[in-house]
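Right, one structure below, let's go through it.
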Amino acid sequence: MLPSPFAFEKPTTITEAIAAVGEEGDGMFYSGGTELLLAMKMRVIHTERLVDIKALPGLDLIALNDANEIEVGARCTHKNIAANALIRQHVPALSSLCANVANVRVRSVGTVGGNLCFGEPHADPPTMLAALNARLMLQGPKGTRAVCADDFIRGELETVREPDELLTKIVFPRPTGPVTYRRFKHGERPSVNVAMAWSVDADSTIKAARVRVGAIGPRPQPLKAVEDVLLGCALADVRSAIEVVLDAALGELDVNQDRHGGADYKRHLAGVLLMRNVEEAVSRRDNLP
Ligand SMILES: Cc1cc2nc3c(=O)[nH]c(=O)nc-3n(C[C@H](O)[C@H](O)[C@H](O)COP(=O)(O)OP(=O)(O)OC[C@H]3O[C@@H](n4cnc5c(N)ncnc54)[C@H](O)[C@@H]3O)c2cc1C
């Protein structure tokens, strides 16, 4: 049962929604409600006011902008992202990720914005969006700001968003090379996941690479040593180059030991998932510039 009493508001503009939540954060944005209502029923979260953001215009759009970036509205459900033609064409790995989040009920109403703003570490989209070098657009009473996906989640269930800032959309450059994603899960949520995005020069060497490991710790983390060896590496040498630095890179990760497993086990899984991503990426046709 939901605790009572609390007010319920249905604003029709972003400005009204931000004002309704209030500077002190005594109200909360309500999107799909899949995390929020559970947490309220469990008495983990209490709020004076739920501010329903379903009627706000423009938050459910997916588009390619003039800067060749893909924009995904924060109110897009996992199901909508999975089915979207633009996402399927340019980032099939994101489409497939969203098609496999949670269960059909959660995918139908749960949104990418709610997923990011809740800051639950065992999540899929934050890792992928960090690998895609996404920025998250926040709108509050003082205006709009962009936060890198890498910096958005501060820790477990904690983000840099102010209580009265609305996440409006997620923006990332249209990928120009392979984007790959693997996850391992015991239950409903991922225990470890790895996302990778690279682009390749005309001479088949890697010119940019981002590798992120998620769910393993409080927030997605870069595998910096792996990214460093990938830069300038010929596609044919990628596997052997990574193997040299992999153990040290995995050793640097900040890992939570929890019911999903111990630290060594999770590091091992991250290494396996990374090498499977690499196998896929080297064989992909979108390595051609
Ligand atoms: C059974 C189950 C299984 C799951 N499995 C997975 C899984 O495998 N992988 C995975 O990644 N996730 C998983 N999830 C999490 C799921 O993805 C999220 O529950 C969902 O995306 C949250 O979106 P929502 O719209 O329902 O958010 P809500 O519950 O409405 O909101 C969540 C939080 O975000 C805030 N918020 C929401 N939207 C905004 C916004 N636009 N701006 C600012 N603040 C906002 C709310 O105030 C609240 O604090 C699972 C959840 C459940 C219940």
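Using only side-chain charges placed at the Cβ, +1 for Lys and Arg and -1 for Asp and Glu, the dipole size of the chain relative to its Cα centre rounds to 840 debye.
With all protein chains present, how much of the accessible area of the stretch 179-287 (probe radius 1.4 Å) comes from carbon and sulfur, to the nearest whole percent? C and S atoms contribute 49 percent here. Counting 0.36 nm for each residue step from Thr15 to Arg174 and taking away their Cα separation leaves a gain of 54.3 nm.
Here's the picture: charge each Lys and Arg Cβ at +1 and each Asp and Glu Cβ at -1 in the chain, and of Leu97, Phe8, Ala131 the one pushed furthest to the positive end of that dipole is Leu97.
At an R0 of 45 angstrom, the distance between the Cβ atoms of Ser204 and Asp254 translates into a FRET efficiency of 0.85. Computed in the context of the full set of protein chains, the accessible area of the stretch 7-52 at 1.4 Å probe radius has 53% of its extent on carbon or sulfur. Accessible surface computed residue by residue for the chain, with neighbouring protein chains in place and a 1.4 Å probe, gives 46 Å² per residue. When each of the peptides 223-232, 258-267, 192-201 is scored by how many other beta carbons lie within 10 Å of its residues on average, the order from highest to lowest is 192-201, 223-232, 258-267. Place a label point 7 angstrom from the Cα of Ala7 along the Cα-to-Cβ direction, then list the residues of the stretch 133-150 whose backbone nitrogen is under 19 Å away. Flagged as within label range: 141.
The values are calculated or read from the model by the stated rules, or taken from the named source; none is laboratory data. Since the structure is predicted, the reported quantities are computational estimates derived from the model, not experimental observations. Heads up, the Cβs are rebuilt from the backbone with ideal geometry, glycines too, and the neighbour counts pull from every protein chain shown. The accessibility values were calculated without ligands, DNA or RNA, using every heavy atom of the protein model including side chains. Shrake-Rupley method; radii C 1.70, N 1.55, O 1.52, S 1.80 Å.
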